[in-house]
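K.L.:
One structure follows; several queries about it will come next.
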Amino acid sequence: MKVDVVLFDLGGVVCRFLPERRLSALARACGVPPETVDEVLFVSGFDHLCDLGKVPVEEILDRTRAGLGFPGGLRELQELWCLAFDPDPAVLALAERVRPRRTGLFTDNGPLLLDAMPWAFPEVAERFDELIFSCVIGETKPRPHAFTRALEMLDAHPERTLFIDDSSRNVEAARELGITAVRFEDARRLEADLAGLL
């Protein structure tokens, strides 16, 4: 199999995903319990609307201020939001190693994180040819349209694309579209998977 494009998931692959750290920090900033932050921003479905690109960053800030009493500005909110993501140097090294193949960061996330990527996570942003966020394509994994739009953005063919995700459901959805997909467990296992596929 010849692979031209490699797609990496963000939370759980390129970055360790630590949502509790974000919840705690937002709760402290707003002076409310973490459960309140969770209810207002996540359980309510608001964050999912953000992931779909239906809420601009200004409205996210307004919602956080009105619903939680957040006292800060946009940059401070983004800094707190980014605490949920901890880049994994070993995975970033593997992302660099697969070049000169084209690479894409393919993630279900909203504009708050997307806009912050260049300054919050430059070591991540610079490793990928495309930052493919669900808020831009208007769909989240595992919906087929999310994958087809990601392929379009990289001018990629399914049969020559490799997709890496920690979600079994997303991996299966990719395979149904003819994309070679592996489920991420850790960097060492991914290195072995890449050696066998590239």
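The values are calculated or read from the model by the stated rules, or taken from the named source; none is laboratory data. Because the structure is a prediction, the values reported are computed rather than measured. Every residue, glycine among them, receives a Cβ derived from its backbone with ideal geometry; neighbour counts consider all protein chains shown. SASA here: full protein model, heavy atoms, side chains in, ligands and nucleic acids out. Shrake-Rupley method; radii C 1.70, N 1.55, O 1.52, S 1.80 Å.
K.L.:
For region 37-78, name all the residues that are touching a helix residue (DSSP H, G or I) at 6+ places or on another chain (Cβ under 7 Å), over 19 Å from PHE106 (Cβ atoms) and acidic (Asp, Glu).
P.N.:
ASP38 - this is the single residue of region 37-78 that is touching a helix residue (DSSP H, G or I) at 6+ places or on another chain (Cβ under 7 Å), over 19 Å from PHE106 (Cβ atoms) and acidic (Asp, Glu).
K.L.:
Please pick out the residue among GLY31, GLY69, GLY104 that is of a type in the set (Gly, Ala, Ser) and open to solvent by less than 10 Å² (accessible area, probe 1.4 Å).
P.N.:
GLY104
K.L.:
If ALA120 meets every condition in (1) buried (at least 21 other Cβ atoms within 10 Å of the Cβ); (2) hydrophobic (A, V, I, L, M, F, W, C); (3) within 23 Å of LYS54 (Cβ to Cβ) apart from one, which number is that one?
P.N.:
The failed condition is (1).
K.L.:
Can you find a residue that is in contact with a Gly (Cβ under 9 Å, 6 or more places away or on another chain), open to solvent by 40 Å² or more (accessible area, probe 1.4 Å) and farther than 30 Å from HIS145 by Cα anywhere in region 37-59?
P.N.:
Scanning region 37-59, I find no residue that is in contact with a Gly (Cβ under 9 Å, 6 or more places away or on another chain), open to solvent by 40 Å² or more (accessible area, probe 1.4 Å) and farther than 30 Å from HIS145 by Cα, so the answer is no.
K.L.:
Right, here's the next one. Just checking, does region 123-139 include any residue being surrounded by 22 or more Cβ atoms within 10 Å (Cβ to Cβ), of a type in the set (Ser, Thr, Tyr) and not in a helix (DSSP H, G or I)?
P.N.:
No, that holds for no residue.
K.L.:
Taking the conditions exactly as written (in a helix (DSSP H, G or I), open to solvent by less than 20 Å² (accessible area, probe 1.4 Å) and modelled with pLDDT of 95 or more), does LEU80 satisfy them or not?
P.N.:
Values: in a helix (DSSP H, G or I): yes; open to solvent by less than 20 Å² (accessible area, probe 1.4 Å): no; modelled with pLDDT of 95 or more: yes.
No: the conditions fail for LEU80.
K.L.:
Of the numbered conditions (1) over 13 Å from the mean Cα position of the chain (by Cα); (2) in a helix (DSSP H, G or I); (3) of a type in the set (Phe, Trp, Tyr), PHE70 satisfies every one except a single condition; which is it?
P.N.:
Only one criterion in (1) over 13 Å from the mean Cα position of the chain (by Cα); (2) in a helix (DSSP H, G or I); (3) of a type in the set (Phe, Trp, Tyr) is unmet by PHE70, namely (2).
K.L.:
Being assigned to a loop (DSSP other than H, G, I, E, B) and open to solvent by 20 Å² or more (accessible area, probe 1.4 Å) is the filter here; which residues of region 141-175 pass it?
P.N.:
Within region 141-175, PRO142, ARG143, ASP155, HIS157, ASP166, SER167 meet the criteria.
K.L.:
Across region 1-42, which residue is modelled with the highest pLDDT among those that are of a type in the set (D, E, K, R), under 18 Å from LEU94 (Cβ atoms) and in a loop (DSSP other than H, G, I, E, B)? Explain how you work it out, then say what you get.
P.N.:
So in region 1-42, the residues of a type in the set (D, E, K, R) come out as 2, 4, 9, 16, 20-22, 28, 35, 38-39.
Still in the running and under 18 Å from LEU94 (Cβ atoms): 4, 9, 16.
Now narrow it down to the ones that are in a loop (DSSP other than H, G, I, E, B): 4, 9.
Working: ASP4: 94, ASP9: 98.
In this case the residue turns out to be ASP9.
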